[in-house]
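Written out below as structure tokens is the structure these notes cover.
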Amino acid sequence: GPREPAYIIAEMSGNHGQDFDRAVRIIHAMKESGADAIKLQTYTPDTITIPSDRPEFKIGKGTLWAGKNLHQLYGEAYTPWEWQPKLKKIADDIGIPLFSTPFDHTAVDFLENMQVPAYKIASFEIVDVGLISRVAATGKPLIISTGMATLEEITEAVEAARAAGNTQIALLKCTSA
């Protein structure tokens, strides 16, 4: 809000390279660098896509994953669920909040069991009103990325969160390509 300092959220994403010890080092580096919070993403390849080699699921040239399909990409990039409670405890122990972006209802249930303090909705998921309603119903602060959305879709997402009883909503303007 007005006169409040910037709140820096450090994103782990797939930077751990499927190495738990690296993920732990990243958490410590995030804290040491002055981040205010850490954000993960909670999905598995099977909860976010299907294994398909159709053109719509293939990754184009110019990236590390060129020629692979989305299922393969997410298999390399996801943060294993069994790590997440351990990573949250490490973050809690060093005094930095850790929360996540869920991509389906099973992820929300999992994160509720972890007692995360907040949630973020990815820009791609802003049209998943059911997911937004489920997250909003937790009563925890909700950050919604809007880069892929129209004004109507943003309005619908905010209305869904409010209808679920949540008024702790922050919108991010993140341009997606």
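The values are calculated or read from the model by the stated rules, or taken from the named source; none is laboratory data. Please read these numbers as outputs of a predicted model, since none were measured by experiment. Cβ coordinates were reconstructed from backbone atoms using ideal geometry, including for glycine residues, and neighbour counts include every protein chain displayed. Please note that ligands, DNA and RNA were not included when accessible areas were found on the heavy atoms of the full protein model with its side chains. Shrake-Rupley method; radii C 1.70, N 1.55, O 1.52, S 1.80 Å.
Details
- Theoretical ellipticity at 222 nm over the chain - DSSP helices of four or more residues, -39500 (n - 2.57) apiece, nearest 500: -11000 deg cm²/dmol
- Efficiency of FRET from Cβ geometry, W81 and I169, R₀ 25 Å, rounded to 0.05: 0.40
- Simple point charges give the picture: +1 on the Cβ of Lys and Arg, -1 on the Cβ of Asp and Glu, and for the range 21-177 a dipole about the Cα centre of about 420 debye.
- Cβ-based charge dipole, the range 1-147, positive-most Cα from H71, I96, S33: S33
- Flagged links, alpha-carbon separation over 24 Å, of K58/K86; K58/K120; K39/K173: K58/K86; K58/K120
- Here the range 1-86 is assigned +1 on the Cβ of each Lys and Arg and -1 on the Cβ of each Asp and Glu. Its dipole about the Cα centre then comes out at about 180 debye.
- Cβ-based charge dipole, the chain, positive-most Cα from I154, Q115, C174: C174
- Of the accessible area of the range 1-144, computed with a 1.4 Å probe over protein heavy atoms only, carbon and sulfur atoms account for 55 percent.
- Accessible area (Å², per residue) of the range 28-177, counting only protein heavy atoms and a probe of 1.4 Å: 51
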